[in-house]
Amino acid sequence: MHRRDVLKLMSVAAFLNAATVAAAQRSRSAEELHYLSEAQPFDYAALKGRARALAAQPYQAAQNRLPAEVKQLDWDQYQSIRFRPDHELWADEHTRFTIRFFHMGLYFELPVRIHALRNGLAREIAYDAAMFDHGKSGLAGVALPPDLGFAGFRVLMRSDPERDIAAFLGASYFRAVGGEKQYGLSARGLAVDTGLPRPEEFPRFTDFWLERPQPASDRLRVYALLDSPSISGAYRFDIVPGDTLVMDVDTALYPRKAIERIGIAPLTSMYLHGENDRRVAIDWRPEIHDSDGLALWTGNGERIWRPLSNPERLAFNTYRDENPRGFGLMQRDRDFAHYQDDGAFYNRRPSLWVEPRTGWGKGEVALVEIPTADETFDNIVAFWHPARKPQPGEEMLYSYRLHWGARTPGMPAIGHVVATHTGIGGVVGRPRSYYSRRFVVDFAGEAFARLPAKAEVEAVITASRGEVEITSARPLHPIKGYRAMFDLKPTDERPDPINLRLYLRHDGKALTETWVYQWTPPPAQARKF
């Protein structure tokens, strides 16, 4: 599986979600589901044992046994398939949640097995053609096997049967929404060898167990088995919807072999262009992105904000840490006027914050930025990379909480970055005798309201290379914050990236989070002024 295939899967998921809304007139006479097996005992400990045993055996790749009629579906045929709401899981029960399934076909060629779990007993759900309105797909009347399986599933609240709150679809990808009910970036169960000069490995969830919640419960529990050539794993998800949807994730991982680069709690997003990076800004919309920055809360308490970019070449950066308090890909800019998109609604896209619930030890948060010229392709990946490489035969335990929504713990209480602008440096009205780049960073937050009148605020700026000049920090009343500005003058002709850091200081103490940025100067012949 290649990256672009995965991104197509997620695009199809979004399309199917919109299509299902139009067909969500529910029949209250629910149809009984069929099962492939008798009830079997199940719990998380047993799932861990199964994953451990799987890792002790040679990897067995899943066989593509998709019937020809399903495999040959084109885009229009596939998207015409609708799930029938009267066949959803728990349709006639008094749970707050219901589950609908995605059909196989198009990019979904390897099935996942889905099990209904109740009172510690699990049964695998059989595929049934009656679950779906096959539309113009041509599958109506085609005899498809009960073990065909499903591509994935969607989670809905009974109080809102037209809009799902989470979806698991494609490899180990899953998504969720906060109060704005708008999908955006994705999470993954695991990343393997992402950002290396060779194709990365995409572990996949092969099985899911959906535990029937108690009628009054606002928590849905999902279990999953993950497998790949390098590693297997057991997962438990506790999903609690709300204005900020929360997922508690526990995982036990069992490597088959040494892994060069493993990614824990990986996040995947899209950044085409924005206010700080307009390299491919040929679209009429001012900004196009699911996320505008990487936020970090380090083990020593520092808050860091790293604006995203769409680089000319793949960029891989790491931020070393020990026992991080959290990291995430955020969509801080939520002003419609900055996007002007009344279809994709990028201003409503959720942020996603990862909060470790146990000590993760030494490692680094990795950020991968991949060049793209198309908003349909995710090009941003962030994950935790432990310092110690996984070894075969060991058990790796991780526990963390995912926060999906407009406001997450990724927004610090201190002054925080709300905008980053870049452009040509120099002083307006004066001839420029050399090339320089201007950086403008706007900070907002309650910290500025507590400043005394005529407070002396200093911009503390460092650069890995070059000369910093024309610095300033002054109040910016429209946002009730401060604006820091500086120019960076390259002092050599190298086109290697330059790393920048900036924060505001008052009375010897940090007033804001730390803004970090990576700027790649143009080749010497392109440095016009």
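Results, tabulated for the structure shown:
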quantity	calculated
Column: log10 I(q)/I(0), Debye, Cα scatterers of segment 171-303, q = 0.09, 0.13, 0.19 Å⁻¹	-0.37, -0.75, -1.23
Protection proxy ranking of 81-90, 51-60 - average other beta-carbon atoms within 10 Å, highest first	81-90, 51-60
At 0.890 mPa s and 25 °C, Stokes D of segment 224-288 from Kirkwood alpha-carbon radius, µm² per second	157
Amide H contacts of Gly481 (H built 1.01 Å from N, under 5 Å, at least 5 apart or other chain)	Leu476
Distance between segment 44-110 and segment 410-480 - C-alpha centres, whole angstrom	50
DSSP-loop trypsin sites (Lys or Arg not before Pro) across segment 251-322, with at most 11 other Cβ within 10 angstrom	Arg313
Hz values of 3J(HN,Hα) by residue in segment 368-381 - Karplus curve (6.51, -1.76, 1.60), Gly and Pro given as x	10, 10, 10, x, 8, 10, 9, 6, 7, 10, 5, 9, 10, 9
Cut-off under 5 Å, modelled amide H: who pairs with Ala39 long-range	none
Ratio Rg/Rh [Cα only; Rh per Kirkwood] for the chain	1.00
Lysines with Cα under 16 Å of Lys480, excluding same-chain neighbours fewer than 8 positions away	Lys454
Contour minus Cα-Cα distance for Leu314 and Ala337 (0.36 nm per residue)	5.3 nm
Listed residues Gly393, Ser433, Leu451: farthest to the positive end of the dipole of segment 368-453 (Cβ charges)	Ser433
Descending Cα extents along the principal axes, segment 274-410, whole Å	51, 32, 26
Spacing of the two label points (7 Å from each Cα toward its C-beta) at Ser433 and Asp133, in nm	7.4
Net charge of Cβ neighbours under 14 Å - reference Pro356; Lys, Arg +1; Asp, Glu -1	-2
Table column - 3J(HN,Hα) (Hz), segment 295-305, Karplus curve with 6.51, -1.76, 1.60, x for Gly and Pro	9, 10, 10, 6, x, 8, x, 6, 9, 10, 10
For the chain: relative contact order, % (alpha-carbon pairs under 8 angstrom, 6 or more apart)	11
Amide H partners (placed H, <5 Å) of Ala126, local residues excluded	His34, Tyr35, Leu36
Gap separating the Cα centres of segment 314-367 and segment 149-181, nearest whole Å	20
Cα-based radius of gyration of segment 376-487 once divided by 2.2 N^0.38 Å, which approximates compact folds	1.56
Cβ crowding within 10 Å averaged over residues, with 159-168, 186-195 ranked highest first	186-195, 159-168
Contact order normalised by residue count of segment 214-310, Cα under 8 Å, 6+ apart, percent	17
Per-residue ³J(HN,Hα) for segment 111-118, Karplus 6.51 cos²θ - 1.76 cosθ + 1.60, θ = phi - 60°, Hz, x for Gly and Pro	x, 10, 8, 10, 10, 8, 10, 8
Segment 423-470: trypsin sites (Lys or Arg not before Pro) in DSSP loop, at most 16 other beta carbons within 10 Å	Arg432, Arg450, Lys454, Arg465
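Every number here is computed from the coordinates shown, using simple stated rules; none is lab data. Predicted, not measured: the structure shown is a model, and the values here were computed from it. Because the Cβ atoms are built from the backbone with ideal geometry, glycine has one as well, and the counts that use them run over all protein chains shown.
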